[in-house]
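Asker: Before I ask anything, here is the structure I am working with.
The values are calculated or read from the model by the stated rules, or taken from the named source; none is laboratory data. Just so it is clear, the structure is predicted and the values come from calculations on it, not from any experiment. Here the Cβ is made from the backbone with ideal geometry for all residues, glycine too, and neighbour counts use every protein chain on show.
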Amino acid sequence: MTTVTSIDHKGKKIEFFPENEAEQDIPDDELHEHLARPSTERTRRLKARCRWKHASAGEFVEKGVSAGIERMRLITEAHKANDGKPEVIRRALGLKHILDNMTLVIQEDEFIVGYHAEDPNKFPLYPELSYMAVQDYLISDYAPQPVKEASEINDYWKPHSLQSKCQEYFDPVDLTRMYQVSTMEGPSFASGYNSLIPPYETVLEDGLLTRIKLAEENVSNAYKQMEKLPWDGTTGLEWLDKIDNWKAMIITCKAVISWARRYSRLCHIVAEHYETDLKRREELMEIADICYRVPAEPCRGLKDAFQAKWFTFLVCHAIDRYASGFAQLEDRLLWPYYHKSVVEKSFQPMEFEEVVELVEMERLKISEHGAGKSRAYREIFPGSNDLFILTLGGTNGDGSDACTDMTDAILEAARNIRTTEPSIVFRYSSVNRNKTLRLVFECIRDGLGYPSIKHDERGVKQMLDYGKFSLNGNGATQEEAHSWANVLCMSPGLTGRRKSQKTRSEGGGALFPAKLLEIALNNGYDWSYSDMQLGPETGDPRNFDKFEDLWEAFRKQYAYAISLCIRCKDVSRHMEGKFLQQPFVSAIDDGCMELGVDAVVLSEQPNGWHNPITSIVAANSLVALKKLVFEEKKYTMDQVCGALRANWEGYEEMRMDFKNAPKWGNDDDYADTLIKDFYEDILGGEMVKIRNYSGGPVLPVGQAVGLYMEVGTRTGPTPDGRFGGEVADDGGISPYMGTDKKGPTAVLKSVAKVQDNQKANLLNQRLSVSMIRSGYGFDIWKSYMQTWHDLNIDHVQFNVVSTDEMKAAQKEPEKHQDLIVRVSGYSARFVDIPTYGQNTIIARNEQEFSSEDLDFLNVEL
Amino acid sequence: MSVVASQLHREDSTCKPCRSCKWQIPDPTDPNSGQCTANRTEAGAVWKRWIRDVMNMTCTRHEEGKLSFREHV
């Protein structure tokens, strides 16, 4: 590193030399190409041949990636063959038919085996979810082959699809507004997008044979209850659905065991007949043994646990139904098996280094995993695969530190192997041990963009608060509340044997305040993108006499949008309960097993949320309008409307006034007071009035993913001085890029002001590379984190990457394949992001810590 | 209302539909609709327009082809 920063602090000059002296000889613009260090030759080879599936602007970046036809063919055969059977049984037989007949894939060097399509360059499609999403694939370069057959399959499913079943309950105009994703994200029934947290714990602890036995006992008991004398039809008929659900659970568990054992047989066959390398032959026999035992039986060691978890992931997230995410509290989930294998060495004995290798291999499996997601979701995580995110750290039920050596192995592997997925969330608490915090820091320092940090205590309290609304009075206990993990990039949800989120209709989806403000300034009409009425008529803004008129017009647009979004989710969930049951997920959830209720139907722990994205563009715009129009009266609303319609052309002086108005993130009370109200009174206040399917309130999760780019391009000019088509703000509560000019602690002070009616808010920060990579880096970061924690801020994540390196990568992308950046809620390979998006990362202020900042953080250097 | 040829307009069964234009990318949800990305500023912003019907709309900027993902958003 040739650049060395220095500051004067407490009367002395502090120079920030790299902690690792060897870095002094590495040019700034290629640093990240020198940081990968796969822990073994095997993981080095696996990374080199990894079939990445990054998407950008709706396209797959890597050549040769396409949709497979196998799953859609098999699910269709089963659906036709089982017409007339109870729907949940039909769903179970659909999964069984796929698992019984799908191609098995084992690749060289793999230790964790299993894939969800007929070829590792392919991914499955789900015509039973959204016919539009499949139609889009059919006309793309990634169409399943033969296209004619795929098209016929999609035609068959059109009337049966979740999309068709839900659409008829909505005004077509409302649907048109949602499908274009400018004021609202499209409903999940039109995209097929989903997310859940599988209860991995029951699979690892019990094994599926035990789950089958439980379901069989429940069926047997149900028949006995029905046969009791005298018959009571008011309660006796309830057993019918339960019996079907338990029978469906049994079918799916048996099918999953059979599928895993097919892998076992295949490993045997390859080992005995084809493999010439003796060591690999032995390893294949070991894999065969593991796949025979798990997930049928309880896991006995760490290798068992990784394999059983992977099979469960594939079924829940990719084979039965598509669901984004890799949600789990991974260190806690694996710790008992780590203990058996590494500490006790009682089964599958190994050393810490071997655990690191296993984690690296799991990360590469996820990197290779293909998601058959709709175009909307191929657009909004540019430079990455899908939202694969796991959680670590935090506290146990008694408040003690939950970090273990398993936590450290996961972090060390992530730092070593350098992949964009899976991203990691770290639950930060004051009691977390220093050794683990150092590894968290090293991942961040090396530019991975993760772990993103969440406030542990806030998450625990949130789980307890939501639990109070449980419809069956069985919400999170104190112990369970400590077992939360992020469902996707930002929102906590319970993990464990029951009560986890099973469908995205509980939480997820977005709406866009920047665009909602734009239409509020046009009486609900969208002149800049769709040329149609996008919301209710809320008045001609030229007639707004006072700021409150504008404020209330925005509120009405927002209230309309959020109610429509949640209505879509609840209708979707209702239909999922009738036609898209998830009997395997039900089988591994203790609540579903006990009650005989399907996983998408049962709700024990409410966890409703929706994501306002682009909030700061709207908020900064409101601040500027209040100041310049309604208080100083320098401009009229008529002039503002005219300037915006002209995209500020001919109004440059006026635009600069609006651009220079107070902005969020500078600890400026004028801006912050209004923006606090905007978040708490409107964004949260209107959302919290809603009750969703689960009976709980819906709360805002301010984040952004790549939607801040997409929505920016669909939003005309705004009164914060932004031109039409320019990007929106990159995080839920992050300052607009380049407008946080008072340093990193001023940002924290602003963000800390927003507290009420929020579930989560994403804070993106870009920190000085030379400071963070210096010998002082860890101390500064640790003090920053403690201050962030004490200010009761929900979240923060970091980019530690230089502008020089990003610009060099724009010029020669092939030389910068290991350059990873944090976009928003996920990390991406920089060179796989469109130029438009790359420029938004470069435009973020690289925050340096001044002497005043260091004083505020109370750090000694 | 007269049609301004340089602007996106309806033209049933046009031989230059937006679907085949390099500036168009499909709508995020409905493949019968699309997004026009021809409107680009010098600063690099892409200001999109929604295309209601990609088979029956066109404009004079129509160019056959496909842009790299790097040039889209």
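Asker: Note down all Cβ pairs under 7 Å where the first residue falls in the range A:277-288 and is closer than 18 Å to A:LEU302 by Cβ, the second is of a type in the set (Ser, Thr, Tyr), and they're at least six residues apart or on different chains.
Answerer: Sorted first by the residue in the range A:277-288, then by its partner, the pairs are A:ALA288/A:SER264.
Asker: For A:LYS569, work out the one condition from (1) charged (D, E, K, R); (2) under 17 Å from A:THR176 (Cα atoms); (3) free of Cβ contacts under 8 Å to residues at least 60 places away in the same chain it doesn't fulfil.
Answerer: (3) is the only condition that A:LYS569 fails.
Asker: Answer yes or no as to whether A:ILE212 is in a helix (DSSP H, G or I) and not hydroxyl-bearing (Ser, Thr, Tyr).
Answerer: Taking the combined requirement at face value, the residue satisfies it.
Asker: Can you confirm whether the range A:292-304 contains a residue that is within 26 Å of A:HIS482 (Cβ to Cβ), part of a helix (DSSP H, G or I) and among the hydroxyl-bearing types (Ser, Thr, Tyr)?
Answerer: no
Asker: I've got another one for you. Sort out for me the helices (runs of 4 or more DSSP H) sitting completely within the range A:74-179 that have 2 or more residues that are over 29 Å from the mean Cα position of the chain (by Cα) and surrounded by fewer than 22 Cβ atoms within 10 Å (Cβ to Cβ). Spell out how you get there, then give the answer.
Answerer: Details: elements: A:87-101, A:131-138, A:147-157, A:162-167, A:172-179.
The qualifying helices (runs of 4 or more DSSP H) are A:87-101, A:147-157, A:172-179.
Asker: Next question. Within the range B:6-20, take every residue that is touching a residue at least 40 places away in the same chain (Cβ under 8 Å) and within 14 Å of chain A (Cβ to nearest Cβ) and give me the one that is farthest from the chain's Cα centre (by Cα). Step through it out loud before you land on a result.
Answerer: Quick first cut of the range B:6-20, residues touching a residue at least 40 places away in the same chain (Cβ under 8 Å) only: B:6-14, B:16-18, B:20.
Subsequent filtering for residues that are within 14 Å of chain A (Cβ to nearest Cβ) retains B:7-10, B:17-18, B:20.
Values: B:GLN7: 10, B:LEU8: 7, B:HIS9: 10, B:ARG10: 12, B:PRO17: 8, B:CYS18: 5, B:SER20: 9 Å.
Here the answer is B:ARG10.
Asker: Among the residues of the range A:517-564, write down those that are surrounded by 21 or more Cβ atoms within 10 Å (Cβ to Cβ) and within 14 Å of chain B (Cβ to nearest Cβ).
Answerer: If the condition is that a residue be surrounded by 21 or more Cβ atoms within 10 Å (Cβ to Cβ) and within 14 Å of chain B (Cβ to nearest Cβ), then A:GLU518, A:ILE519, A:ASP526, A:SER528, A:TYR529, A:SER530, A:LEU534 are the ones that fit.
Asker: Residues that are within 30 Å of A:LYS13 (Cα to Cα) and surrounded by 24 or more Cβ atoms within 10 Å (Cβ to Cβ): does the range A:806-829 have at least one? Please lay out each step first, then the result.
Answerer: From the range A:806-829, those within 30 Å of A:LYS13 (Cα to Cα) are A:806; that's our starting set.
Applying the additional criterion that residues be surrounded by 24 or more Cβ atoms within 10 Å (Cβ to Cβ) yields none.
Looking for residues that are within 30 Å of A:LYS13 (Cα to Cα) and surrounded by 24 or more Cβ atoms within 10 Å (Cβ to Cβ), one finds none in the range A:806-829, hence no.
Asker: Continuing with this model, one more query. What's the total number of residues in the range A:802-861 that are basic (Lys, Arg) and more than 13 Å from every other protein chain (Cβ to nearest Cβ)?
Answerer: Looking only at that region, the number is 4.
Asker: Of (1) away from chain A (no Cβ under 11 Å); (2) farther than 27 Å from A:ALA143 by Cβ; (3) touching a strand residue (DSSP E or B) at 6+ places or on another chain (Cβ under 7 Å); (4) not aliphatic (A, V, I, L, M), B:TRP23 satisfies all except one. Which?
Answerer: Failed condition: (2).
Asker: Tally time: how many residues in the range A:119-153 are closer than 20 Å to A:ASP320 by Cβ, out of contact with any strand residue (DSSP E or B) (no Cβ under 8 Å at 6 or more places or on another chain) and within 11 Å of chain B (Cβ to nearest Cβ)?
Answerer: Number satisfying all stated conditions: 4.
Asker: With A:ALA305, A:ALA271, A:ALA327 as the choices, which residue is aliphatic (A, V, I, L, M), closer than 23 Å to A:TYR115 by Cβ and surrounded by fewer than 23 Cβ atoms within 10 Å (Cβ to Cβ)?
Answerer: None of the others qualify; the one that does is A:ALA271.
Asker: Looking at this structure, is A:LEU358 in contact (Cβ under 8 Å) with a residue 40 or more places away in the chain, out of contact with any Cys (no Cβ under 7 Å at 6 or more places or on another chain), in the same structural domain as A:GLU41 (by TED's automatic domain parsing) and crowded, with 20+ Cβ neighbours inside 10 Å?
Answerer: yes
Asker: Could you give every pair whose Cβ atoms fall below 6 Å, whose first residue belongs to the range B:27-38 and is facing chain A (nearest Cβ under 8 Å) and closer than 12 Å to B:VAL73 by Cβ, and whose second residue is among the hydrophobic types (A, V, I, L, M, F, W, C) and part of a loop (DSSP other than H, G, I, E, B), counting only separations of at least 6 or pairs across chains?
Answerer: Sorted first by the residue in the range B:27-38, then by its partner, the pairs are B:PRO28/A:VAL181; B:THR37/B:TRP23.
Asker: From the set of residues in the range A:687-708 that are out of contact with any strand residue (DSSP E or B) (no Cβ under 9 Å at 6 or more places or on another chain) and of a type outside the set (S, T, N, Q), which is nearest to A:GLY724 (Cα to Cα)?
Answerer: A:TYR708
Asker: While we're on this one: Which residues, counting only those in the range B:44-73, are touching a Pro at 6+ places or on another chain (Cβ under 7 Å), surrounded by 22 or more Cβ atoms within 10 Å (Cβ to Cβ) and more than 12 Å from chain A (Cβ to nearest Cβ)?
Answerer: B:THR58
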